[in-house]
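First comes the structure, then the notes that go with it.
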Amino acid sequence: MQTSAAEHGASFEPDLVLCFPYENDIWWNARADYLGTPKPLYDAQGELHKEHVVVREQGWLGRTALGHLFSAKPAPMLVEVEGKRLLADFLPLLASPRPEVLEAEARTRGALLALQRTCTSLGAELVIVPIPSHSAIDPGFRSTVFEPRYLTGMTPAEWSPDRPVDFFLGCARELGLASIDTRDALRS
């Protein structure tokens with residue numbers, strides 16, 4: 001029998017749900033699949049876009065790290081920004097959000113709203129704990145590794161590794177959810 005992710009999570013009868021979103025979740029929350037695998041897609045009001053998304057049953061190999069390593073994956077999506085090619089996952093880092101990022105942020109907020117509704121119906125508290133990127137914690141990594149490798153030609157003023165974490169914390173505040181900002185603790 002196949003069940004949706006929401007039904008599967010509810011079977012645990014949680015009292016507390018911790019959500020650990022990462023920067024690439026923003027981009028992928030505006031897509032109906034993740035690298036070829038179907039996933040739920042919510043609108044800005046927290047309504048499921050598709051009637052029902054079924055979690056596909058995988059064979060034993062598909063459930064292993066080795067199986068994932070050797071499975072064919074689509075190429076990463078590249079987007080051109082002012083003559084520079086960026087991985088789409090990194091668009092939410094830009095200081096001036098593009099329209100597709102604003103849509104992705106609205107859908108991300110909608111997904112959090114849907115999760116909040118589910119948690120409320122289960123009597124579980126939802127806490128948002130955004131995972132900061134390495135660049136948000138270590139300025140040296142930002143300038144010597146991340147910028148040269150992934151944001152070639154962009155100035156530090158054109159992007160911020162803190163923007164995704166700030167976005168998730170802002171959504172939590174707006175929705176009245178508890179949140180934990182781990183950046184200071186990780187920097188120390």
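With R₀ fixed at 35 Å, the C-beta to C-beta distance from His8 to Leu186 puts the FRET efficiency at about 0.70. Note on Arg109: accessible area approximately 60 square angstrom, rounded to 10, probe 1.4 Å, nucleic acids and ligands left out.
What is the gain in length, in nm to one decimal, between Val79 and Ala106 on full extension, counting 0.36 nm per residue of separation less the C-alpha to C-alpha distance? Don't jump to the answer; show the numbers that get you there.
On the way: separation 27, 0.36 × 27 = 9.72 nm, distance 1.97 nm.
Extending this stretch completely gives an extra 7.7 nm.
Label positions at Ala178 and Thr64, each projected 7 Å from the Cα along the C-beta direction, are separated by 4.0 nm. In summary, the stretch 65-188 shows an alpha-carbon radius of gyration equal to 1.22 times the 2.2 N^0.38 Å reference for compact globular proteins. The heavy atoms of Met77 offer some 90 square angstrom of accessible surface to a 1.4 angstrom probe.
Sorting Asp166, Asp43, Asp15 by accessible area (1.4 Å probe), largest first, what list results? Don't skip to the end; give the middle numbers.
On the way: Asp166 75, Asp43 50, Asp15 125 Å².
From most exposed to least exposed: Asp15, Asp166, Asp43.
The values are calculated or read from the model by the stated rules, or taken from the named source; none is laboratory data. Keep in mind the model is a prediction, meaning the values are calculated, not measured. With ideal geometry, Cβ positions are generated from the backbone for all residues, glycine too; neighbour counts draw on all protein chains shown. Protein only, heavy atoms only, side chains kept; ligands, DNA and RNA dropped before computing areas. Shrake-Rupley method; radii C 1.70, N 1.55, O 1.52, S 1.80 Å.
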